[in-house]
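Read the structure below first, then the notes.
What follows is calculated from the coordinates using simple rules that are stated; it is not laboratory data. These numbers were taken from a predicted model, which means no experiment stands behind them. Counting neighbours? That spans all protein chains shown, and the Cβs are built from the backbone with ideal geometry, glycine included.
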Amino acid sequence: MSPCCVFRFRSSLSLVTIVTVSMSWALEVANKAGARAASFSTYSAAVFALRVNLPKLIEDGVLDESGNVNRQARIQMMPPIDAAEIPWVSLASTSAPERRRNNIQNVLKTNLSMPLAEVIICNTSVGMEPDALALLPNALPLGPLVAPTSGPAGHFLPEDLACLAWLDAQGPGSVVYVAFGSSGFLDATQFQELADGLALSGRPFLWVVRPKFTTGVGVRQDWFDAFKRRVEGRGLVVGWAPQQRVLSHPSVACFVSHCGWNSTVEGLLHDVPFLCWPYFADQFCNQSYVCNVWGTGAKLCADERGVVSKEEMRSKVEKMLGDEEIKARAAMWKDKACASIAEGGSSHQSLLKLVNLLRQQ
């Protein structure tokens, strides 16, 4: 997403600069130029509320200004997370203290620019995050925001549309969809364990493996080619997938995801249960929504090696595909999400408020 966009409505000469939260320095530029400005949050309202309350967490001694966790506390915002899972703490490992300090200091600095925004546009809805939105009085929840599945759109990598025909050939509610977004990665050991777990599950699966998905020495190509031959007909590996079309397909049963906010919103909108595998940043917060608040998924747990084992994968897939309560809750949340963006829904009403704001001189 570009850091700064300007929209002009034909019915008005009013110009409003819309800036992503991570590029809030552009709010200062707009303010100096005398332009009106709004911020757009690419993550949840809960994470935005955490951002706003970061000085209070430092004041309370939960962490210091370098991002070191001083007290192993459970942050009782909605959703609840552990102190070590605060996004700007989890972005850097314990071996990268300077990066973690820079993360925290950047948030504290850019927070000072937030009041320059007239509103905060959020990719969420009142139904999805009522408690978090209550902490953000100038928030306009317009979500779930999703790109149209037809027509041109920007993509991280070329999409393999052949996977849609493959999905057509699978039974209803049978396929495990595995995708870790544009930045998630696995080391060679974990990659092979996941591959073996998918094979062990006995379920059809669609697995997105983008280039350079593994770290370190990597997986031998001959091993991976042999794996793909072994699961041919039951498993399909692609470089990139048209995710919304995949998630809306009736053959998809569950979503093994890193729980980035876009993926989380898309899964919720298409009533797909989650198996959560977060890495860093806001993904732990999103996992907490899925597992602790909405009840639409389960957490994949690492063993004493720090590896999600093939047995864990097999067990959780089997449990997920047989859990009718989770499926029912996923369907309920889909209905709520769809209602919010329908005419007269809460997000539709927020959109009308934004239009009126943009039209003001």
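DSSP loop GluC sites (Glu not before Pro) in the range 267-361 with at most 14 other Cβ atoms within 10 Å of their Cβ, which ones? It would help to have the intermediate numbers written out before the result.
Numbers: sites: Glu304, Glu311, Glu312, Glu318, Glu324, Glu325, Glu343; in loops: Glu304, Glu343.
Within the range 267-361, the qualifying GluC sites (Glu not before Pro) (loop, at most 14 other Cβ atoms within 10 Å) are Glu304, Glu343.
Using the beta-carbon distance between Arg99 and Asp225 and R0 = 45 Å, what value does 1/(1 + (r/R0)^6) give for FRET efficiency, to the nearest 0.05? The partial results should precede the final answer.
Values: r = 37 Å, r/R0 = 0.81.
Once the sixth-power term is evaluated, E becomes 0.80.
Using each residue's phi in the range 161-170, evaluate 6.51 cos²θ - 1.76 cosθ + 1.60 at θ = phi - 60° and report the 3J(HN,Hα) Karplus result to the nearest Hz, with x for Gly and Pro.
Couplings: 6, 5, 5, 5, 5, 5, 4, 4, 8, 9 Hz.
At 7 Å along Cα-to-Cβ for each site, give me the label-to-label distance between Asn138 and Glu343 in nm.
Once both label points are built, they end up 3.3 nm from each other.
Let me check I've understood the local charge: for Leu352, count other residues with C-beta under 14 angstrom from its C-beta, Lys and Arg +1, Asp and Glu -1. What total comes out?
Numbers: positive: Lys353, Arg359; negative: Glu343.
Residues close to Leu352 contribute a combined charge of +1.
How charged is the neighbourhood of Val62? Take every other residue with its Cβ under 15 Å from the Cβ of Val62, and add Lys/Arg as +1 and Asp/Glu as -1.
Numbers: positive: Arg51, Lys56, Arg71, Arg74, Arg100; negative: Glu59, Asp60, Asp64, Glu65, Asp82, Glu85.
Once all neighbours under 15 Å are counted, the net charge is -1.
Taking amide H positions as placed 1.01 Å from N in the peptide plane, with prolines and chain starts having none, which residues 5 or more places from Arg36, or on another chain, fall under 5 Å of its amide H?
Thr17
Taking only C-alpha pairs under 8 Å that are 6+ residues apart, what is the relative contact order of the chain in percent? Present the calculation step by step, with values, prior to reporting the outcome.
Working: 635 pairs, mean separation 66.8, N = 361.
Relative contact order comes out at 18 percent.
From the backbone phi of the range 75-86, what are the Karplus-calculated ³J(HN,Hα) couplings (6.51 cos²θ - 1.76 cosθ + 1.60, θ = phi - 60°) in whole Hz, Gly and Pro given as x?
6, 8, 8, 10, x, x, 9, 6, 4, 5, 9, 4
Can you put Trp166, Trp261 in order, fewest other beta carbons within 10 Å first?
Working: Trp166 17, Trp261 22.
Placing the least packed residue first, the sequence is Trp166, Trp261.
With θ taken as phi - 60° and the coefficients 6.51, -1.76 and 1.60, list the Karplus ³J(HN,Hα) couplings across the range 121-131 in order, rounded to whole Hz; mark glycine and proline as x.
7, 10, 7, 7, 9, 4, x, 6, 9, x, 5
Measure nothing fancy, just the Cα-based angle from helix 97-111's long axis to the longest principal axis of the chain, in degrees from 0 to 90, nearest 10.
40
Can you list the trypsin sites (Lys or Arg not before Pro) in the range 258-361 that are in a DSSP coil and have 10 or fewer other beta carbons within 10 angstrom?
Within the range 258-361, the qualifying trypsin sites (Lys or Arg not before Pro) (loop, at most 10 other Cβ atoms within 10 Å) are Arg305.
Taking Cα atoms, how many degrees apart are the long axis of helix 221-230 and the longest axis of the chain, rounded to 10 and kept between 0 and 90?
Tilt of helix 221-230: around 70 degrees.
In which sequence would Ser113, Ser183, Ser257 go, from the one with the fewest C-beta neighbours within 10 Å to the one with the most?
Values: Ser113 21, Ser183 12, Ser257 30.
Placing the least packed residue first, the sequence is Ser183, Ser113, Ser257.
Students often get this wrong: which residues of the range 42-62 have the backbone nitrogen under 17 Å from the point 7 angstrom along Cα-to-C-beta of Leu112?
Only 52-56 pass the distance filter.
Check which residues have an amide H placed less than 5 Å from Leu140's amide H, if you skip close sequence neighbours.
Ile120, Ile121, Cys122
With N residues in the range 162-322, what two-decimal value do you get for its Cα radius of gyration over 2.2 N^0.38 Å? Working shown, then result.
On the way: Rg = 14.5 Å, N = 161, 2.2 N^0.38 = 15.2 Å.
Relative to the rule-of-thumb radius for its length, the range 162-322 sits at 0.96.
Measure up Lys316/Lys336; Lys212/Lys310; Lys212/Lys299; Lys56/Lys212; Lys228/Lys319 against 30 Å on the Cα-Cα distance and list the ones that go over.
Lys56/Lys212
Could you list which residues have their amide H under 5 Å from that of Ile75, counting only those 5 or more apart in sequence or on another chain, with H placed in the peptide plane?
It is Ile81, Asp82, Ala83, by chain and number.
Would you give the gap between the C-alpha center of the range 299-320 and the C-alpha center of the range 76-122, rounded to a whole Å?
29
Counting helices only, and only those DSSP H runs with n ≥ 4, report the 222 nm mean residue ellipticity of the chain as the sum of -39,500 (n - 2.57) divided by its residues, in deg cm²/dmol to the nearest 500. Intermediate results must be reported in sequence, preceding the final value.
Details: 15 runs with 141 residues, N = 361.
-11000 deg cm²/dmol, from helical runs alone.
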